[in-house]
Structure formats: structure tokens, C-alpha cells
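The values are calculated or read from the model by the stated rules, or taken from the named source; none is laboratory data. Computed from a predicted model, the values in this text were never measured in an experiment. Ideal geometry is used to build each Cβ from the backbone, glycine not excepted, and the neighbour counts take in all protein chains shown. For accessibility, only protein heavy atoms count, side chains too; no ligands or nucleic acids. Shrake-Rupley method; radii C 1.70, N 1.55, O 1.52, S 1.80 Å.
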Amino acid sequence: MFIEQLPAAYTLLFVLYGGSAFTALIACLYLCLRKGNAIAPGTTPPTSLRRWAAALFGLAFLSHVWWLLFYVFSNDLYSVFLLVVAVIDYVGLLISIGGSMFAMLQDRKRPVWPLAVAMIPYAAILTLNVAFPKDYFLQLAIGYLMSVFLCFSIYMVFAVSQYKHWLRDNYADLEHKEVWVSHVLILIVLLLFTFGEIDGVSLTISYIVRLIEIPLFFFLLWRVETLPQLESAPIEQQLEEPLSVEPEPQQQKSLAIPSNIEKLLEERCVGPKLYLQHDLSLLQLAQVVGTNRFYLSQYFSRQGITYNAYINNLRINHFISLYHEAVASQRPVAAQQLAHESGYRSYSTFSLAFKQRMGQSVTAWIRHSQDA
């Protein structure tokens with residue numbers, strides 16, 4: 001058998017290679033065949049993300065298969081076999097990874113066709129490698145491939161930054177909505193697939209690549225299942241809304257930000273403690289106040305804060321009030337319980353928001369309050 005003919009040093013690598021391929025196949029079948037959400041049953045992820053991730057897992061499995069076939073039956077770096085396998089592999093993986101990462105960013109739609117166009121020179125260089133067999137063309141193809149991945153990584157840094165600002169302008173709760181950690185890890189996948197297929201890579205690097213692949217596949221599957229579908233319209237639609245209909249004079253007050261917006265927020269958000277509602281969005285608050293979310297967003301911008309900061313300030317004030325009430329009535333004080341009653345699902349999220357607002361940790365603030 002083939003595995004029996006492998007040197008001992010490569011046997012474990014072959015097993016890891018097969019295990020990674022099997023993991024990708026199972027993840028692909030799971031996303032394609034299961035309609036529900038097993039990891040986070042209460043979360044509905046974006047349909048597009050689920051489809052792109054399934055395509056990524058499927059292509060990752062096929063990548064393992066056809067590269068194995070290439071090294072077993074050909075291993076000719078100047079053959080048409082390499083041209084076909086490399087072009088299909090990297091174009092497919094780059095597009096599916098790009099599509100998955102774009103689908104996580106729900107602030108706007110980002111096309112994936114530029115990624116396919118960017119791979120045309122790569123295919124052309126490999127064609128020259130077949131027509132004129134020289135190491136130069138192979139090295140040039142690898143260099144170009146790395147440059148495409150680098151440019152894509154730089155673009156994603158800006159895209160995630162835009163998405164982060166959009167989240168804070170539209171959502172009070174950011175738990176499981178932010179994706180920058182996911183993108184860092186998925187970008188590592190790009191490098192793994194690149195280094196993993198470069199000819200002449202050391203055995204040690206090959207082991208590292210295979211050992212990291214499997215947990216990365218599981219992490220991507222977890223991210224797909226836990227990222228919620230956000231209901232707010234894309235930025236492009238938000239900008240169009242105020243311009244889509246010219247309000248009649250008698251309707252102007254209902255659409256534009258009223259001069260007494262602070263009073264309305266006090267009456268309809270602060271008074272009834274609407275800010276305690278989990279996942280309260282800018283759109284929902286705008287509807288309660290009686291204005292358009294675009295104008296309400298502009299109001300917060302003019303105040304020098306984001307919508308997320310506005311809600312956090314109200315929630316932290318509520319926490320401080322609950323704390324003083326508990327101390328005054330000599331009741332036991334549990335910071336985690338008070339944070340939950342103040343609208344926070346995650347204590348770590350509350351702790352970060354509290355420190356940003358108060359300039360010190362919750363523990364330090366409580367200790368200082370007791371000493372005062």
C-alpha cells in the first residue's frame with residue numbers, strides 16, 4: 001500500500017493530512033445538509049456566510065485530494081497537471097475565503113470577482129512555466145501569489161475597521177458581532193495553504209501547517225454558527241433613505257431630528273429604561289423616538305459619541321445607581337448580577353465598557369466607593 005511505502009518521518013504527516021481533509025469534508029457536509037444550528041441554537045447566521053463557508057470547506061477537502069494525487073502520480077513542476085491543479089486550487093480557495101470573510105461583514109456587500117481577476121496573471125505565469133520550464137517562472141508565480149494574499153490582507157484590515165465603526169454606530173450589544181479575531185485567524189489559513197503547497201518546504205513547517213489546519217477549521221465552523229444575522233440595512237441604503245422621499249412640510253418634524261431630541265430620548269429611552277433591552281439597535285431607537293436612523297446617527301456624531309457609547313453610558317449609570325441602592329439598603333452586592341440587571345449579557349463586555357467610561361476597573365471603583 002502507498003502509506004506502507006512512505007518513509008517513517010512522513011507517515012504521521014500523511015495521517016495528519018488525511019485528518020485535515022476529513023475534517024473539512026465533514027464540516028462541508030454539515031453546513032450543506034443540516035438546516036438548524038447545533039453550536040448556537042438561538043442564533044441565526046447569515047445564509048450567505050453559511051454557503052461560502054461550505055464552499056470553502058469543500059474546496060479545502062478537494063485541495064487535499066488533488067494535491068495528493070499530483071504528488072503521487074506526477075510530481076512534475078513543469079506539467080499541465082500542475083497548471084490545472086494550482087490554478088483551480090488557489091483561485092477557488094481565494095474566492096471562497098474572500099467570500100466567507102466578506103459575508104461576515106454585514107455593513108455592505110463586497111464583490112468577490114476582483115479576486116478572480118487578480119489571479120489571471122498567476123495563471124498566465126504558470127502557463128509560461130509549462131511552455132518554458134524554468135525555476136524562474138515557478139518562483140515568480142509563488143511571489144505573485146503571496147503578493148495577492150498580502151494585498152487582500154491589507155484590504156481586510158480596512159474593511160474590518162469600517163465594519164467595527166458601523167457596529168458601534170448601529171448596535172448597543174457587540175457580543176459575537178465583531179469579527180476581527182476571526183479574520184486574523186482566517187488570514188492565517190491563507191498563509192497556511194500557501195506555505196503548505198510551496199515545493200521544498202521543510203518537514204517541520206509541513207507538520208505545523210497540518211497541526212494548525214484542523215483547529216482552524218473548527219474555529220471557522222464555530223464562527224459561522226455564532227455570528228448573528230444583523231437586521232440593519234447596509235450603509236448604502238442608510239444613506240439613501242433620507243433622500244428617497246422628500247417629506248411634506250407637515251411631516252418634516254417626524255423625519256428630521258427634532259430640536260427637542262434630547263427631551264424625546266429622555267422620555268422614550270431613559271425614562272422607560274429602554275436601554276436595558278438586549279440587542280437594542282439604532283433603528284429600533286429611532287422608531288421609538290420618531291425619527292429616521294440616519295438623522296439620529298448624525299445627532300450622536302455631533303455629540304462626539306457613537307450609539308454604542310450612548311447606550312453604554314446609560315447602562316453604566318444604571319449599574320452605579322443599583323450599586324448605591326444595594327449599599328444603602330445593606331444588601332449583598334454582586335457586580336455580575338448588577339451588570340446583568342443593567343443590560344449586559346457578558347460581564348467581560350461590561351467590565352471593558354465600565355473601565356473606558358470610569359477610567360478604572362469595576363473592582364477598583366467598588367473598593368474606592370467603600371473607602372469613601
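Observations on the model:
- Residue within region 173-181 that is closer than 21 Å to LEU93 by Cβ and open to solvent by less than 50 Å² (accessible area, probe 1.4 Å) present: yes
- Test set (1) under 26 Å from SER182 (Cβ atoms); (2) open to solvent by 40 Å² or more (accessible area, probe 1.4 Å) - PHE81 fails condition number: (1)
- Here PHE195 passes the criteria (1) of a type in the set (Phe, Trp, Tyr); (2) at pLDDT 70 or above; (3) more than 16 Å from the chain's Cα centre (by Cα) except the one numbered (2).
- Single match in TYR144, TYR122 (criterion: buried (at least 19 other Cβ atoms within 10 Å of the Cβ), over 24 Å from PRO46 (Cβ atoms) and in contact with a helix residue (DSSP H, G or I) (Cβ under 6 Å, 6 or more places away or on another chain)): TYR122
This table checks each residue for (1) closer than 30 Å to HIS176 by Cβ; (2) in contact with a strand residue (DSSP E or B) (Cβ under 7 Å, 6 or more places away or on another chain); (3) not hydrophobic (A, V, I, L, M, F, W, C).
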position	(1), (2), (3)
ARG34	yes, no, yes
THR47	yes, no, yes
LEU68	no, no, no
VAL87	no, no, no
SER96	yes, no, yes
PRO121	no, no, yes
PHE132	no, no, no
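- All conditions in (1) out of contact with any helix residue (DSSP H, G or I) (no Cβ under 6 Å at 6 or more places or on another chain); (2) at pLDDT 90 or above; (3) in a helix (DSSP H, G or I); (4) of a type outside the set (Gly, Ala, Ser) hold for GLN106, with the sole exception of (3).
- Scoring LYS263 on the criteria (1) modelled with pLDDT under 90; (2) in a helix (DSSP H, G or I); (3) open to solvent by less than 70 Å² (accessible area, probe 1.4 Å); (4) not hydrophobic (A, V, I, L, M, F, W, C) leaves a single failure, condition (3).
- Sole exception among (1) open to solvent by 30 Å² or more (accessible area, probe 1.4 Å); (2) within 24 Å of the chain's Cα centre (by Cα) for TYR71, by number: (2)
- For region 305-346, residues that are under 19 Å from TYR171 (Cβ atoms) and under 30 Å from the mean Cα position of the chain (by Cα) total 19.
- The single condition among (1) open to solvent by less than 20 Å² (accessible area, probe 1.4 Å); (2) not in a helix (DSSP H, G or I) that GLY99 does not meet is (2).
- Answer residue from region 247-260, given it is of a type outside the set (S, T, N, Q) and assigned to a loop (DSSP other than H, G, I, E, B) and is modelled with the highest pLDDT among those: PRO258
- Annotation note: Cβ proximity below 8 Å between a residue of region 117-138 that is over 15 Å from PHE81 (Cα atoms) and at pLDDT 90 or above and a residue that is open to solvent by 60 Å² or more (accessible area, probe 1.4 Å) and among the hydrophobic types (A, V, I, L, M, F, W, C) (sequence gap 6+ or interchain) occurs for ALA118/CYS151.
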